[in-house]
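Take a look at the structure below.
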Amino acid sequence: MSRYLVDKFLFTVDRDPELVERYREDPAGTVAWWERDLAGSLLNCHSGEATTWLRFEDAEREALAAHDYVRLFELGAHPFLTLTLFIAMFERDHDEPLGFQKEYARRLAHFGLPYPDIAT
Amino acid sequence: MATLAAVIASTHHPFYYRASTAVGEDRPPFADEWVAKITAFRETLTRAAPDVLVMVGSDHFHQLWLDNMPQFLVGKAPFYDANFYNEEREFGLPRMLLKGQEDLSAHLLREGLDAGFDLAFSNELRIDHSITCPIITLRPEADLPIVPVYTNIFAPPLPRPGRFVELGRAIRRMVESWPADLRVAVIGTGHLSLELGGPRQFGAHGPDPEFDRRAVEWISTGDIEGCLSEVTLDSLWTPGNATHGFMDFMLMMGVAGEGAKADYVDTLDLFHTMEAYFTWYPGARA
């Protein structure tokens, strides 16, 4: 399980306006590129260093590549990170205020307590 | 010594700025009532005539990240830039620049470390809406120097609720032992029941109105003991998956003191969360 890496993907994409658009338009390509080139970037550290062992699990990679936020919730991705990034990508497609946020809740309605563990 | 002029605990709703500044068709129907309540709440800080603000909040994965996550962090810098691109994007929050009060930051760090809190520090901290929302609501001039105190209510493993209360008590002692002839207000923001990124998000009310009712009762009566007897890290998942932000309210109860009844209490039942506003005047009871 690499819940941390899923969170790192959501975190690093959300903070970069160009990456938000790239992930919206080409999710599978962005995830593959990010895992290859950026997954190991050690944030706030010497630029010449990289982490060597971080990889997605297949289920995580597939969920990210499919924009499948329901599956990401199930896998324990941090819900705040997922919500924030997905609002940035898809709120614009809904006319009603909070339309996307409400649809998001509806699609998660089958989850009861306790929710999937988010600890990293 | 410094005077603790006011203790203020509030929710921090990032939609307030946009709702309160919107006009015409864009202005939501609840905006006028919300602005009226905030204006009255603001007066409780103004009346205390503070010189310095200690601002307790929590970074929302902006600058603080899982590769190096502090539990409690005190900013020590002459200035703090504020708000991030994704807060501008989602909430329309403005970029801000706040002054720091480095002497008080240094005092809190030294005294806190000596009191058993292994406080992290930051000399270059960009603060987010957990601190700028109460600046916007309570001191929109943004003219007073601040000391930011960040808590981890977000990334497990978290400190337990009792630790937040203890830190609040310590902050009070440290503020009152600060050798400066200045008036300090301690302002902290958190949440009542709240769900973000889960099935109960953005409902007609907060996800657990009964929890909210009891939380307002605990806070307004200063019932730290009762609150601690029922609130645990595990129990906080039940009212909503972001309800651990309630621990910042518990920290503020620690600042206000056991049994300290709030001098000002107000709430506003909004879609998706209950807003709650509390002010204590410690000197008035002395």
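The set of residues in region A:64-120 that are at the interface with chain B (Cβ under 7 Å from one of its Cβ atoms), modelled with pLDDT of 95 or more and outside any helix (DSSP H, G or I) comprises A:L108, A:A109, A:F111, A:L113, A:P114, A:Y115, A:I118, A:A119, A:T120. For region B:10-54, the set of residues classified as loosely packed, with under 14 Cβ neighbours inside 10 Å and in a helix (DSSP H, G or I) consists of B:G24, B:E25, B:D26, B:D32, B:E33, B:A36, B:T39, B:A40, B:E43, B:T46, listed by residue number.
Which residue pairs have Cβ atoms closer than 6 Å, lie 6 or more positions apart in sequence or on different chains, and pair a first residue in region B:196-219 that is within 13 Å of another protein chain (Cβ to nearest Cβ) with a second residue that is modelled with pLDDT under 95 and not in a helix (DSSP H, G or I)? Matching pairs, first to second residue: B:F202/A:L98; B:F202/B:H272; B:A204/B:F271. Can you confirm whether region B:96-112 contains a residue that is among the polar types (S, T, N, Q) and without any contact (Cβ under 8 Å) to a residue 40 or more places away in the chain? No; the residues of region B:96-112 include none that is among the polar types (S, T, N, Q) and without any contact (Cβ under 8 Å) to a residue 40 or more places away in the chain. The set of residues in region B:55-71 being away from chain A (no Cβ under 13 Å) and buried (at least 20 other Cβ atoms within 10 Å of the Cβ) consists of B:M55, B:V56, B:G57. Sub-6 Å Cβ pairs linking a first residue in region B:143-155 that is over 14 Å from B:I127 (Cα atoms) and open to solvent by 10 Å² or more (accessible area, probe 1.4 Å) to a second residue that is assigned to a strand (DSSP E or B) and not small (G, A, S), at least 6 apart or interchain, are B:L144/B:L53, ordered by first then second residue. None of B:I135, B:I131 is in contact (Cβ under 8 Å) with a residue 60 or more places away in the chain and farther than 25 Å from B:I224 by Cβ except B:I135.
Conditions tested, residue by residue: (1) open to solvent by 20 Å² or more (accessible area, probe 1.4 Å); (2) under 12 Å from the mean Cα position of the chain (by Cα).
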site: A:R61; (1), (2): yes, yes
site: A:R71; (1), (2): yes, yes
site: A:G76; (1), (2): no, yes
site: A:P79; (1), (2): no, yes
site: A:L83; (1), (2): no, yes
site: A:K102; (1), (2): yes, no
site: A:T120; (1), (2): yes, no
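When restricted to residues that are open to solvent by less than 20 Å² (accessible area, probe 1.4 Å) and polar (S, T, N, Q), region B:72-104 contains 2.
Filter region B:223-256 down to the residues that are assigned to a loop (DSSP other than H, G, I, E, B) and open to solvent by less than 10 Å² (accessible area, probe 1.4 Å), then identify the one that is farthest from the other protein chains (Cβ to nearest Cβ). Give the steps one after another, and end with the answer.
Applying the first criterion (assigned to a loop (DSSP other than H, G, I, E, B)) to region B:223-256 yields B:223, B:231-234, B:238-242.
Remaining after also requiring open to solvent by less than 10 Å² (accessible area, probe 1.4 Å): B:231, B:239-240.
On the way: B:V231: 16, B:P239: 10, B:G240: 10 Å.
The residue in question is B:V231.
Does B:V35 qualify as being without any contact (Cβ under 8 Å) to a residue 24 or more places away in the chain and away from every other protein chain (no Cβ under 14 Å)? Spelling it out, B:V35 is indeed without any contact (Cβ under 8 Å) to a residue 24 or more places away in the chain and away from every other protein chain (no Cβ under 14 Å).
The values are calculated or read from the model by the stated rules, or taken from the named source; none is laboratory data. If you're wondering where the values come from, they're calculated on a predicted model, not measured in any experiment. Glycine gets a Cβ as well: all are built from the backbone with ideal geometry, and neighbour counts include every protein chain shown. We work out accessible area using only protein heavy atoms, side chains counted, and drop any ligands, DNA or RNA first. Shrake-Rupley method; radii C 1.70, N 1.55, O 1.52, S 1.80 Å.
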